[in-house]
Amino acid sequence: MFSFAVMTVRIWLMLVVSPVGDLDGHERSVEMERALNAPVPAWLELADPIEGEVVRDENLEGDYRPRSGGAMNSRTQVWLPGYDEGIELPHSIDWAGNNEEGLGVSLNRDGQRLLVNQGMTTRLYWVRGGGVVEESEILVPHVTYDQGAKGLITSWFWAGDDLLVGSAVILDRTGHHVIEERFYVFDDDLKVLSRIDTSVLKASDDGGAELFD
């Protein structure tokens, strides 16, 4: 298990360590290089990495919460807990095929804010009475902005009232080989991005993360 603290909120992540193989990819385009090497936007602040701590399972308190928040999605609809019928979204989700585990979406704990990940775009929808959704503006980073090799953060999910956790796959310059997978915390209220330092795991490749509490 892996835990970290940010501000006054403690979050527990369960990191599953597994080898990460090669991915089918293409040489980076000029547009991709420009995006990865863009300066940090004025609205975003970078914080020091959050150092992790390995703990024993029995020390954990709380309940496992899927990063989707119990939501499921297809390309055009989202199924939310408590609603028998799917909710039609104003925009289709750019996700390959149906995604029954809801990895393209994340519903916050009170069931009122729905994140929809669409590549380098993350949309926020407020869930109103009767399953009506209303889009609201949200700014989240999609570039790691770290020193050295950079990558894209393409998946954000709720970990608290204003706290998001995301992952990024770092590829080599050919776009074919995975260097590592990184995890990040973003405070949506303060607009602060922090990388999670997983070096305590003493593993070269991190296969994924699940939100425990």
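A count restricted to segment 138-165 and to residues that are open to solvent by 20 Å² or more (accessible area, probe 1.4 Å) and either in contact with a helix residue (DSSP H, G or I) (Cβ under 6 Å, 6 or more places away or on another chain) or in a strand (DSSP E or B) (or both) stands at 3. Scanning segment 62-82 for residues that are open to solvent by 60 Å² or more (accessible area, probe 1.4 Å) and either modelled with pLDDT of 80 or more or within 13 Å of residue 111 (Cα to Cα) (or both) yields 72, 79, 81, 82. Just one of the listed residues (203, 168) is open to solvent by 20 Å² or more (accessible area, probe 1.4 Å), among the small types (Gly, Ala, Ser) and either modelled with pLDDT of 85 or more or under 29 Å from residue 33 (Cα atoms) (or both), and it is 203. Residues in segment 175-191 that are over 15 Å from the mean Cα position of the chain (by Cα) and assigned to a strand (DSSP E or B): 178, 179, 180. Say we look at segment 182-200 and pick out the residues that are at pLDDT below 85 and of a type outside the set (A, V, I, L, M); which of these is surrounded by the fewest Cβ atoms within 10 Å (Cβ to Cβ)? Per the criteria, the residue is 199. Does residue 123 satisfy the condition of being outside any loop (DSSP other than H, G, I, E, B), at pLDDT 75 or above and open to solvent by 90 Å² or more (accessible area, probe 1.4 Å)? The answer is no for residue 123. If you go through segment 31-61 and keep only what is small (Gly, Ala, Ser) and either modelled with pLDDT under 75 or open to solvent by less than 90 Å² (accessible area, probe 1.4 Å) (or both), you end up with 35, 38, 47, 52. Of the residues in segment 83-90, at least one is in a strand (DSSP E or B) and either open to solvent by less than 40 Å² (accessible area, probe 1.4 Å) or at pLDDT below 85 (or both). Restricting segment 93-113 to residues that are open to solvent by 60 Å² or more (accessible area, probe 1.4 Å) and of a type outside the set (Lys, Arg) leaves a set whose member that is modelled with the lowest pLDDT is 98.
The values are calculated or read from the model by the stated rules, or taken from the named source; none is laboratory data. As the structure is a computational prediction, the values presented were derived from the model and not from experiment. Cβ sites come from the backbone with ideal geometry, for glycine too, and all protein chains shown count toward neighbours. Heads up: the accessible areas ignore ligands, DNA and RNA and are worked out on the full protein's heavy atoms, side chains in. Shrake-Rupley method; radii C 1.70, N 1.55, O 1.52, S 1.80 Å.
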